[in-house]
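The values are calculated or read from the model by the stated rules, or taken from the named source; none is laboratory data. What you are looking at is a predicted structure, and each value in this text was computed from that prediction instead of being measured. Using ideal geometry, Cβ is built from the backbone for each residue, glycine included, and neighbour counts are taken over all protein chains shown.
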Amino acid sequence: MAERYCFGVDIGGTTVKLGLFNTAGDVKYKWEIPTRKDEDGKFIIPDIAEAISKVIDEKKIDIKDVAGVGMGAPGPVDKQGVVNRCVNLGWGIKNIAKELEDLLKVPVKAGNDANVAALGEMWKGGGKGYDNIVLVTLGTGVGGGIIIDGEIMAGSAGAGGEIGHIHVEDDESESCGCGNKGCLEQYASATGLVRIANKQLKSKDKDSVLRNSEVTAKTVFDAVKAGDELAVEIAEEFGEYLGKGLAVVACVVNPEIFVIGGGVSKAGEILLTFIEKYYRKYVFHASREALFALATLGNDAGIYGAAKLVLDEAG
């Protein structure tokens, strides 16, 4: 019997990551193409179709042996594969699953990129072995993906898991990218951590290595590891915002495990100590024993989750 395959696609603002998988979930080939955003992103889906068709030809795969294509996109995506505005890509309301399906003539499933990455981490990454997980991605913003009983919790409009926009601070004068003020993303992202650091450096007189270097999430946590007192205070404030935000999430979804990914997670296990401390302080007692782990798939979480999306559908 011929081997069966599927493709996982993770659409980013700069590149589209693609992976060819067998149905056991082994990645056979990975590659990237540029994300062509001109003319309201009208070339993105045709470019993906062309890239997949090329690999099908090169690998001499019979189209009948392709179970389908899974796809993650940076915006709300409903169960029919309709994107409800991807600002970063220039898309309005667009059925990306149907468009790719019509071009390739294979089944296509689509979801929000963070939700799809959470599925990947549950399947083959930091959340392996658990069916109820929350993936938290700490990058330029704060993203989230929620898996309940092994299924993505996407919500009615595909906006489930947008934990970066939980309101955590009333006393905030600056606006978040979403237009509101006091969102978790403003304090717990890489840019939020730098914001906290700069405020504390300005308001406190303590000596710190951070005064002599560029302030980034990495330099803050490097200073924490070196025992820098002010850096520890910055990490405490960051951890309190994030721990409090995740305590709110836990009251709603009661996960077994929080998997922490994104660029800030490169700080390693020490990051988790600051988050867990405040999470346990604020959380409802029934969710207090939730575990914390670092994501392990890195930039591949999206393609793994996208592949899993279509394999679940194919049965």
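Only one of these conditions is not met by residue 140: (1) outside any loop (DSSP other than H, G, I, E, B); (2) in contact (Cβ under 8 Å) with a residue 40 or more places away in the chain. Which number is it?
Of the numbered conditions (1) outside any loop (DSSP other than H, G, I, E, B); (2) in contact (Cβ under 8 Å) with a residue 40 or more places away in the chain, the odd one out for residue 140 is (1).
Give region 225-262 a look and list any residue that's over 20 Å from residue 166 (Cβ atoms), of a type outside the set (Asp, Glu) and surrounded by fewer than 23 Cβ atoms within 10 Å (Cβ to Cβ), or say none.
Within region 225-262, 225, 226, 227, 230, 232 meet the criteria.
Do we find a residue being acidic (Asp, Glu) and over 19 Å from the mean Cα position of the chain (by Cα) anywhere in region 18-38?
yes
When only residues in region 152-192 that are closer than 22 Å to residue 116 by Cα and loosely packed, with under 14 Cβ neighbours inside 10 Å count, which is farthest from the chain's Cα centre (by Cα)?
Per the criteria, the residue is 156.
Any residue at all in region 54-61 that is modelled with pLDDT of 95 or more and either under 15 Å from residue 305 (Cα atoms) or in contact with a helix residue (DSSP H, G or I) (Cβ under 7 Å, 6 or more places away or on another chain) (or both)?
Yes, there is a match, as at least one residue in region 54-61 is modelled with pLDDT of 95 or more and either under 15 Å from residue 305 (Cα atoms) or in contact with a helix residue (DSSP H, G or I) (Cβ under 7 Å, 6 or more places away or on another chain) (or both).
Out of all the residues in region 85-108, is one or more in the same structural domain as residue 36 (by TED's automatic domain parsing), buried (at least 24 other Cβ atoms within 10 Å of the Cβ), in contact with a Ser or Thr (Cβ under 7 Å, 6 or more places away or on another chain) and not acidic (Asp, Glu)?
The answer is no, given that none of the residues of region 85-108 is in the same structural domain as residue 36 (by TED's automatic domain parsing), buried (at least 24 other Cβ atoms within 10 Å of the Cβ), in contact with a Ser or Thr (Cβ under 7 Å, 6 or more places away or on another chain) and not acidic (Asp, Glu).
Among the residues in region 115-134, are any in contact with a helix residue (DSSP H, G or I) (Cβ under 9 Å, 6 or more places away or on another chain), at pLDDT 95 or above and in a strand (DSSP E or B)?
Within region 115-134, one or more residues are in contact with a helix residue (DSSP H, G or I) (Cβ under 9 Å, 6 or more places away or on another chain), at pLDDT 95 or above and in a strand (DSSP E or B).
Go through (1) modelled with pLDDT of 95 or more; (2) buried (at least 19 other Cβ atoms within 10 Å of the Cβ); (3) of a type outside the set (Asp, Glu) for residue 195 and report which single condition fails.
Result: residue 195 passes all but (2).
Answer yes or no as to whether residue 239 is closer than 19 Å to residue 184 by Cβ, in contact with a Gly (Cβ under 6 Å, 6 or more places away or on another chain) and not aliphatic (A, V, I, L, M).
Considered against the rule, which asks whether it is closer than 19 Å to residue 184 by Cβ, in contact with a Gly (Cβ under 6 Å, 6 or more places away or on another chain) and not aliphatic (A, V, I, L, M), residue 239 comes out as no.
For region 157-175: of the residues being without any contact (Cβ under 8 Å) to a residue 60 or more places away in the chain and in contact with a Leu (Cβ under 9 Å, 6 or more places away or on another chain), which is farthest from residue 236 (Cα to Cα)?
That would be 161.
Residue by residue through region 118-145, note down the ones that are touching a Ser or Thr at 6+ places or on another chain (Cβ under 7 Å) and hydrophobic (A, V, I, L, M, F, W, C).
138, 142
Where residues in region 263-290 are more than 13 Å from residue 248 (Cα to Cα) and among the hydroxyl-bearing types (Ser, Thr, Tyr), which of them is surrounded by the fewest Cβ atoms within 10 Å (Cβ to Cβ)?
273
Between residues in region 179-194 that are within 19 Å of residue 247 (Cβ to Cβ) and residues that are surrounded by 23 or more Cβ atoms within 10 Å (Cβ to Cβ) and of a type in the set (D, E, K, R), which pairs lie under 7 Å by C-beta distance while being six or more apart or on different chains?
Note: pairs meeting the criteria are 192/185.
Would you tally the residues in region 206-221 being touching a residue at least 40 places away in the same chain (Cβ under 8 Å), touching a Leu at 6+ places or on another chain (Cβ under 9 Å) and either surrounded by fewer than 22 Cβ atoms within 10 Å (Cβ to Cβ) or farther than 18 Å from residue 139 by Cβ (or both)? So that I can check it myself, show each step before the final result.
Just the residues of region 206-221 that are touching a residue at least 40 places away in the same chain (Cβ under 8 Å), to begin with: 217-218, 221.
Checking the rest, the ones that are also touching a Leu at 6+ places or on another chain (Cβ under 9 Å) come to 217, 221.
Now drop any that are not either surrounded by fewer than 22 Cβ atoms within 10 Å (Cβ to Cβ) or farther than 18 Å from residue 139 by Cβ (or both), which leaves none.
The number of residues fulfilling the criteria is 0.
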